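Before any comments, here is the structure.
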Amino acid sequence: MASSTILLAQLEVEDCTAELFLNGAPVIRIAPPKMHIQNASAELYVVPGTNRLDVLVEPGSRPSTARSEVRELAFRPMRATGRLIRFEEGVPGLVEHGELLGEASFAWEEGRPERRVFPAEVGTQIEIPTANGRWSFQDAPPLVLDDALRAEVRALLAEVEQAIRRGDTDRFWSLTELQTRDVRRAYPAVTEPYLRGDLATLFAHYRKAPDPVMPRDPADHDFRLVAGDRMLQLVDRDYSTSFKLRDPGDGSAVSYRIMLARIDGKLRIVR
């Protein structure tokens with residue numbers, strides 16, 4: 001992508017819960033009473049050529065059943081629109097200030113059926129001739145979410161947790177190296193020294209807490225396969241991230257998003 005522009009995914013909803021997927025990867029979820037519009041960087045999910053943008057409306061109550069938990073709802077007006085927009089750097093992140101590359105919209109309005117089955121899904125294909133190249137997870141093998149994979153995840157999270165507790169930025173950098181490499185490819189102006197400095201600052205901040213990592217309960221985990229089963233999203237039953245840091249100020253949980261793929265035979269953090 002041109003360095004003077006930024007590519008954002010946008011989800012806008014009215015009176016419903018919805019989730020936005022880009023090439024099968026979840027990028028935004030909005031549920032009442034949260035803000036009705038939200039943007040997220042799309043650079044790390046777009047690919048050269050055909051890209052798929054999907055909006056899932058009124059998904060299931062937990063991530064693993066987002067598409068399969070079918071129920072019938074009584075009529076209420078609702079809307080959900082997903083967009084992919086290119087912006088010049090520094091402009092407001094609203095569609096009228098950017099170049100709309102594509103959008104998918106759902107609406108349930110007066111005069112439509114009094115009841116309908118959910119979840120509902122709408123999508124569109126968007127052609128992007130040039131992007132940031134092919135990502136490692138695109139060529140990763142499909143995963144099978146079984147006990148063996150869950151055990152691998154627990155071991156990896158233990159390593160991440162240990163690095164944070166010890167303030168070992170070098171170990172954390174190694175664990176997130178593939179993701180960091182992709183960030184630098186997507187954003188050429190972001191240098192390795194900058195990212196290492198930012199990481200050191202982050203570690204210093206969270207180590208002010210008595211314990212920088214929130215406890216995890218495996219019973220809460222509801223990991224789900226995404227992006228054609230090539231990535232595993234570490235998410236809990238309530239759609240919050242499975243790995244959370246502890247805010248040094250008020251002790252509240254701070255989400256830390258992790259998605260994994262098997263690269264060269266090893267489970268790695270890729271997003």
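List of remarks:
- Distances between placed amide hydrogens fall under 5 Å for Ala66 paired with Gly60, all partners being 5 or more residues away or on another chain.
- For Gly102, the residues whose modelled amide H falls within less than 5 Å of its own, excluding neighbours fewer than 5 places apart on the same chain, are Leu84.
- The residues Phe106, Phe137, when put in order of fewest to most other Cβ atoms within 10 Å, stand as Phe106, Phe137.
- Mean separation of Cα contacts under 8 Å (6+ apart) over length of region 133-261, as relative contact order %: 25 percent
- Taken as Cα centroids, region 37-65 and region 96-110 sit 14 Å apart, rounded to the nearest whole angstrom.
- Residues Met259, Met35 in ascending order of nearby Cβ atoms (within 10 Å, fewest first): Met35, Met259.
- Within a straight-line Cα-Cα reach of under 21 Å, Lys208 can be paired with the following lysines, leaving aside sequence neighbours fewer than 8 residues apart in one chain: Lys244.
- Over 30 Å [Cα-Cα, the chain], rounded percent: 34 percent
- Under the criterion of Cα pairs below 8 Å and six or more residues apart, the relative contact order for the chain equals 18 percent.
- For Glu58, Glu114, Glu69, the sequence from fewest to most other C-beta atoms within 10 Å is Glu114, Glu69, Glu58.
- Across region 62-67, computed HN-Hα scalar couplings (Karplus, 6.51 cos²θ - 1.76 cosθ + 1.60, θ = phi - 60°) run 9, x, 5, 10, 3, 9 Hz from first to last residue, x flagging Gly and Pro.
Values in this text are rule-based calculations from the coordinates and carry no lab data. In this text, all values refer to a predicted model and were calculated from it rather than measured experimentally. A quick note on method: Cβ atoms are made from the backbone with ideal geometry, for glycine too, and the neighbour counts reach across all protein chains shown.
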